[in-house]
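What follows draws every value from the coordinates through simple rules; no lab data is involved. Small disclaimer: the values here were computed from a predicted structure and weren't measured. All Cβ positions, glycine included, derive from the backbone under ideal geometry; neighbour counts span all protein chains shown.
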C-alpha cells in the first residue's frame, strides 16, 4: 500500500534530546524540504545544554534548507524527563498552541528510553488534528518494533542524512554507536521492508483518509 504524502505545510518536530529528530527522521525532513518551498517547522527539544542546543539549530537549518524555522529548546535534565512530567506536558501543549501542525513527529511510545517514551505518550494528548508519526531510534536496548509507515529514501538522501549528522553533531562522535554504518544499516533494513533503496520507518497509531 502506498500513500501520497501531500498537503504538509507546517510541522512540529518533538525531540527529547538534541539529535533525536535528525537521527530518526532526517531523511524525511530533507525530502519534505526539497519538495516544499513553503514549509514551516517548529522544533521542540526538552533536554540539552547551550552547546547541544546550538547543534540543534545548526542541524535544523541544514536538514531543512529554505524552511521557516522556530525553536523551543529546553534544559530539563537528560534521562530524568518522567520526573518532570508536568513541565514536559506543558512544553508539548505550548508547542501545539504555537503551530497549527499538519504533521507531528515524536518518539515512539514503545521506546525503551524513558525520555523518548514519555514524549510518545504525551504528544497525542495535545495534537489531535494532525498526522502524527512516531519515530524510532536505534540504541543498546534493542527496542526496535514493527513500524507500519515507511518513507522511502533514494540513496543520495540517505547519504546526505549521514553526512549532515556527522557535520552537525560533533559532540556525539565519541559514542560507540555513532557511525555511518549504524544509520545506513537501519535505513537499508527499512528500505528492504518497503522495496526502496533506503527508508525511514514510523508508527502511525491513527490515520484519517482525506477523500
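Table for the structure above
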| item | result |
| --- | --- |
| Spherically averaged projected area of the stretch 10-201 from its Cα convex hull (nm²) | 9.7 |
| The chain: most fluctuating residue of 137, 92, 192 per GNM, C-alpha cutoff 10 Å | 192 |
| Taking the stretch 1-61 and dividing mean pair separation by its residue count, relative contact order in percent (alpha carbons under 8 Å, at least six apart) | 46 |
| Distance in nm between pseudo-label sites at residue 87 and residue 175 (7 Å out along the Cβ direction from Cα) | 2.1 |
| Anisotropy class of the stretch 37-108 from Cα gyration tensor, a/c 1.5 cut | oblate |
| GNM flexibility winner over the chain from 124, 152, 170 (Cα, springs under 10 Å) | 170 |
| Gaussian network model of the chain, Cα within-10 Å springs - most flexible of 26, 191, 142 | 142 |
| The stretch 1-157: relative contact order as a whole-number percent, Cα under 8 Å and 6+ apart | 27 |
| Separation in nanometres of the label points that stand 7 Å from Cα toward Cβ, at residue 211 and residue 80 | 5.2 |
| Global geometry of the stretch 86-133, whether rounded, prolate or oblate, following the gyration tensor of its Cα atoms and the 1.5 cut on a/c | oblate |
| Structure-based [θ]222 nm, the chain - -39500 (n - 2.57) summed over DSSP H runs of at least 4, per residue, nearest 500 | -13000 deg cm²/dmol |
